[in-house]
1. Looking only at residues that are of a type outside the set (A, V, I, L, M, F, W, C) and away from the ligand (no atom under 14 Å from the Cβ) in region 53-68, which one is surrounded by the most Cβ atoms within 10 Å (Cβ to Cβ)?
2. Those residues that are hydrophobic (A, V, I, L, M, F, W, C), under 23 Å from SER220 (Cβ atoms) and either free of Cβ contacts under 8 Å to residues at least 60 places away in the same chain or in contact with a Leu (Cβ under 8 Å, 6 or more places away or on another chain) (or both), I need them from region 139-189; list them, please.
3. Against the conditions (1) part of a helix (DSSP H, G or I); (2) surrounded by fewer than 20 Cβ atoms within 10 Å (Cβ to Cβ); (3) modelled with pLDDT of 95 or more, where does ARG78 fall short? Just the number, please.
4. I'd like to check something: does region 130-150 contain any residue that is of a type in the set (Gly, Ala, Ser) and either within 13 Å of the ligand (Cβ to nearest atom) or closer than 29 Å to GLN11 by Cβ (or both)?
5. Within region 214-245, count every residue that is part of a helix (DSSP H, G or I), surrounded by fewer than 16 Cβ atoms within 10 Å (Cβ to Cβ) and not polar (S, T, N, Q).
6. Taking the condition of being in contact (Cβ under 8 Å) with a residue 12 or more places away in the chain, surrounded by fewer than 24 Cβ atoms within 10 Å (Cβ to Cβ) and not in a loop (DSSP other than H, G, I, E, B), how many residues in region 108-122 meet it?
7. Just need a number here: residues in region 184-210 that are crowded, with 22+ Cβ neighbours inside 10 Å and more than 12 Å from the ligand (Cβ to nearest atom).
8. For VAL71, state whether it is outside any helix (DSSP H, G or I) and either touching a Cys at 6+ places or on another chain (Cβ under 9 Å) or not charged (D, E, K, R) (or both).
Amino acid sequence: MFATLQCGRFQLSLKRPLVMGVVNVTPDSFFDGNVHFRVNQAIEHGLRLVQDGADILDIGGESTRPGAQVVAADEELRRLLPVIQGLLDAGVPLSVDTCKPEVMRQVLHAGADMINDIRGFSSDEAIQAVQDADCALCLMHMQGEPRTMQQTPCYDDVVAEVQAYLAAGAQRLRDAGIAANRIALDPGFGFGKTVAHNYTLLNQLPQVMGDAYPCMVGLSRKSMIGALTGRPASQRLGGSVAAALAAAVRGAHILRVHDVADTVDALTIWSAINDPTLTEGARA
Ligand code: 8Y7
């Protein structure tokens, strides 16, 4: 079992769920009302999320929404490096959402503390890029490729298959000499899954994740929320907070969210209900 995650400059305690705030540096960002494609906007947004209570920031320079365009490594780095530079002293670990080994190497050199790879470090080059660092790794499950993954998601047993993929992926990292306390796993909500697959995975989260590695989840504003509420991405706050809390109840350790302040509020109330001594010092 684990109590902490080795995350570059930080050792993160996992005793309570941590909130990871999303910082997009992409012109084709998923949430059109809040596009942080300009570097200064992204830095300001990241600082704001830290004020709002984010424990980690996840910086992304390539949109991974279904059907998004591929970005070349040098363009991705042009977006990422100045934002990493600008947020390095924000007081929280910086995660970078990338699949490219060359980008991994350069952002780690620039000070990033964590690599979040939606392709699950499936290439030897990706493993080699992170092997000798002390960064945390998030290994996520995806079926298919971002461009086409939502066309015909198909599983015999989604819980067993995602569980087996994550276990095998973690073992590949361990076989490459990567310490267990650097690894987090993520079932990859929305990545090659129908609405029913997503809700089954969330319902069965402890069975999917096992207890060998910390669990990260990203549910924020996703189409699985909109599919049931009928709301566009800009109006999925209530559904997203409910989903984040449900994941926390089921043992998720890191919640990747856009709406940090609201998620932190929900977790604060939930924590006090679980442990009323946390109310000591609060005024009536
Ligand atoms: C996830 C993610 C996205 C997720 C992890 C979006 C980069 C799509 N989703 N990384 N990234 N888990 N680990 O809607 O669920 O935010 S992008």
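1. As a first pass, look at region 53-68 and keep what is of a type outside the set (A, V, I, L, M, F, W, C): 53, 55, 58, 60-67.
In the following step, the residues that additionally are away from the ligand (no atom under 14 Å from the Cβ) were identified as 53, 55.
Working: GLY53: 16, ASP55: 22.
In this case the residue turns out to be ASP55.
2. Step one: list which residues in region 139-189 are hydrophobic (A, V, I, L, M, F, W, C), which gives 139-140, 142, 149, 154, 158-160, 162, 164, 166-168, 170, 173, 176, 178-180, 183-185, 189.
Subset that is under 23 Å from SER220 (Cβ atoms): 139-140, 142, 149, 158-159, 162, 166, 183-185, 189.
Passing the criteria: LEU139, MET140, MET142, VAL158, VAL159, VAL162, LEU166, ILE183, ALA184, LEU185, PHE189.
3. Failing condition for ARG78: (3).
4. Pass one, region 130-150, residues of a type in the set (Gly, Ala, Ser): 133, 136, 144.
Filter once more, so that each one left must be either within 13 Å of the ligand (Cβ to nearest atom) or closer than 29 Å to GLN11 by Cβ (or both): 133, 136.
The answer is yes, given that some residue of region 130-150 is of a type in the set (Gly, Ala, Ser) and either within 13 Å of the ligand (Cβ to nearest atom) or closer than 29 Å to GLN11 by Cβ (or both).
5. First pass over region 214-245, keeping only residues part of a helix (DSSP H, G or I): 223-229, 233-235, 237-245.
Pick out the ones that are also surrounded by fewer than 16 Cβ atoms within 10 Å (Cβ to Cβ) and you get 227-229, 234-235, 238, 242.
If we keep only those that are not polar (S, T, N, Q) as well, we get 227-228, 238, 242.
Residues in region 214-245 being part of a helix (DSSP H, G or I), surrounded by fewer than 16 Cβ atoms within 10 Å (Cβ to Cβ) and not polar (S, T, N, Q): 4 in total.
6. First, the residues of region 108-122 that are in contact (Cβ under 8 Å) with a residue 12 or more places away in the chain: 108, 110-122.
Filter once more, keeping what is surrounded by fewer than 24 Cβ atoms within 10 Å (Cβ to Cβ): 108, 110-111, 118-119, 122.
If we keep only those that are not in a loop (DSSP other than H, G, I, E, B) as well, we get 108.
Count: 1.
7. Result for region 184-210: 3.
8. On the way: outside any helix (DSSP H, G or I): yes; either touching a Cys at 6+ places or on another chain (Cβ under 9 Å) or not charged (D, E, K, R) (or both): yes.
Criteria met by VAL71.
The values are calculated or read from the model by the stated rules, or taken from the named source; none is laboratory data. As the structure is a prediction and not an experimental result, all values here were calculated from the model. All Cβ positions, glycine included, derive from the backbone under ideal geometry; neighbour counts span all protein chains shown.
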